[in-house]
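K.L.:
Take this structure first; my questions come after.
The values are calculated or read from the model by the stated rules, or taken from the named source; none is laboratory data. Small disclaimer: the values here were computed from a predicted structure and weren't measured. Cβ sites come from the backbone with ideal geometry, for glycine too, and all protein chains shown count toward neighbours.
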Amino acid sequence: MIEFQHVSKSYGTGSHILEDISFRVTAGEFVFIAGPSGAGKSTLLKLIAGLEPCSKGSIHVNGQRLDQITARARPYLRRAVGVILQDTHLLYDRSALDNVMLPLAVAGHPTGIARSRARAALQKVGLSGKEEANPISLSGGEQQRLAIARAIVNRPALLIADEPTANLDRETARKVMSVFRDFNQVGVTTLVATHDEDLMAQYAQRVFVVEPGRFRDFPVSKT
Ligand code: ADP
Ligand code: ADP
């Protein structure tokens, strides 16, 4: 699903944030990305999502080499990868339902089908009844779940989330994580960057630890 070969990343002329990283994530895995603030967790996720180019090496996602992808293949890849960034980028000039319908409209689905799939996605994240709400009126946890609904409505094979439980209370964080676990259990490859060690202990199968100048890959043994 994801293969990094000797990947390095620097921004502009700066020094490498990530240096000579190689790993492979197979379909259906659940991987946490841990490490101190500023170490490069978001950068790693952005490389996988194709939102930043790498400086050296090669990255394959869903069978495509990201730096050689054709204009024709790009929209398919975009739909195969659901991305939830720290800033949820919700649109506050329209309803929750319209926010979730947007990726389907962009993909060219008829409005009726888009509406019913968007409702189903809202139901999966526990937001039934909030279809007509403006995102601004939703709590932080609800907005986070709305962003997840928008990321999963295209049924991506790969889900990437950057600190999805930051600023949430424990109970809401657990709810958000259980949404990811449910998707993972039906085969969606899932990568989550987090500082939350309790959540990691509870859910992780594998942890990438990103530290300045160092990358480690830990399988987690479940006892
Ligand atoms: P983390 O997610 O682990 O907190 P980031 O990947 O956000 O780390 O950042 C890693 C380093 O890269 C930081 O020093 C950050 O300031 C720098 N950085 C991130 N994005 C950019 C950018 N667009 N331009 C320049 N530097 C950046
Ligand atoms: P995110 O989308 O995950 O919120 P950003 O790319 O906005 O991440 O920022 C991640 C980190 O990188 C932050 O610490 C931010 O201050 C830093 N950063 C972002 N852009 C730049 C930049 N152009 N130069 C230096 N640091 C940056």
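K.L.:
Condition (residue is over 18 Å from Gly40 (Cα atoms), touching a Gly at 6+ places or on another chain (Cβ under 8 Å) and not aromatic (Phe, Trp, Tyr)) applied to segment 192-205: is it met by at least one residue?
P.N.:
Scanning segment 192-205 turns up no residue that is over 18 Å from Gly40 (Cα atoms), touching a Gly at 6+ places or on another chain (Cβ under 8 Å) and not aromatic (Phe, Trp, Tyr).
K.L.:
Something else now. Any residue in segment 44-58 that's within 20 Å of Arg216 (Cβ to Cβ): show its pairings with residues that are part of a helix (DSSP H, G or I) at Cβ separation under 7 Å, as long as the two are six or more apart or on different chains.
P.N.:
Close Cβ pairs satisfying both conditions: Cys54/Leu47.
K.L.:
Considering only residues that are under 20 Å from the mean Cα position of the chain (by Cα), assigned to a loop (DSSP other than H, G, I, E, B), more than 11 Å from ligand 2 (Cβ to nearest atom) and surrounded by 15 or more Cβ atoms within 10 Å (Cβ to Cβ), which ones fall in segment 1-58?
P.N.:
Of everything in segment 1-58, those that are under 20 Å from the mean Cα position of the chain (by Cα), assigned to a loop (DSSP other than H, G, I, E, B), more than 11 Å from ligand 2 (Cβ to nearest atom) and surrounded by 15 or more Cβ atoms within 10 Å (Cβ to Cβ) turn out to be Met1, Gly28, Glu29, Gly35, Gly50, Cys54.
K.L.:
Among residues belonging to segment 69-101 that are touching a residue at least 40 places away in the same chain (Cβ under 8 Å) and among the β-branched types (Val, Ile, Thr), point out the one that is farthest from ligand 2 (Cβ to nearest atom).
P.N.:
Ranking the candidates gives Val100 first.
K.L.:
Any residue in segment 61-73 that is within 16 Å of ligand 1 (Cβ to nearest atom), out of contact with any Cys (no Cβ under 7 Å at 6 or more places or on another chain) and within 26 Å of Asp196 (Cβ to Cβ)?
P.N.:
no
K.L.:
Ok, one more. Among the residues of segment 197-223, how many are at pLDDT below 90 and of a type in the set (D, E, K, R)?
P.N.:
3
K.L.:
Does Ala121 satisfy the criteria of being among the small types (Gly, Ala, Ser) and in contact with a strand residue (DSSP E or B) (Cβ under 6 Å, 6 or more places away or on another chain)?
P.N.:
Spelling it out, it is not the case that Ala121 is among the small types (Gly, Ala, Ser) and in contact with a strand residue (DSSP E or B) (Cβ under 6 Å, 6 or more places away or on another chain).
K.L.:
Just name the residue that is farthest from Glu163 (Cα to Cα) out of those in segment 59-86 that are touching a strand residue (DSSP E or B) at 6+ places or on another chain (Cβ under 9 Å) and assigned to a strand (DSSP E or B).
P.N.:
The qualifying residue farthest from Glu163 (Cα to Cα) is Arg65.
K.L.:
Could you figure out which of (1) assigned to a helix (DSSP H, G or I); (2) in the same structural domain as Leu18 (by TED's automatic domain parsing) isn't true of Gln144?
P.N.:
(2)
K.L.:
Read through the list (1) in a loop (DSSP other than H, G, I, E, B); (2) touching a Lys or Arg at 6+ places or on another chain (Cβ under 8 Å); (3) not small (Gly, Ala, Ser), then give the number of the only condition that Thr165 fails.
P.N.:
(2) is the only condition that Thr165 fails.
K.L.:
Kindly evaluate Ala107 against the criterion of being modelled with pLDDT under 95 and assigned by TED's automatic domain parsing to the domain that holds Thr190.
P.N.:
Details: modelled with pLDDT under 95: yes; assigned by TED's automatic domain parsing to the domain that holds Thr190: no.
No, not satisfied.
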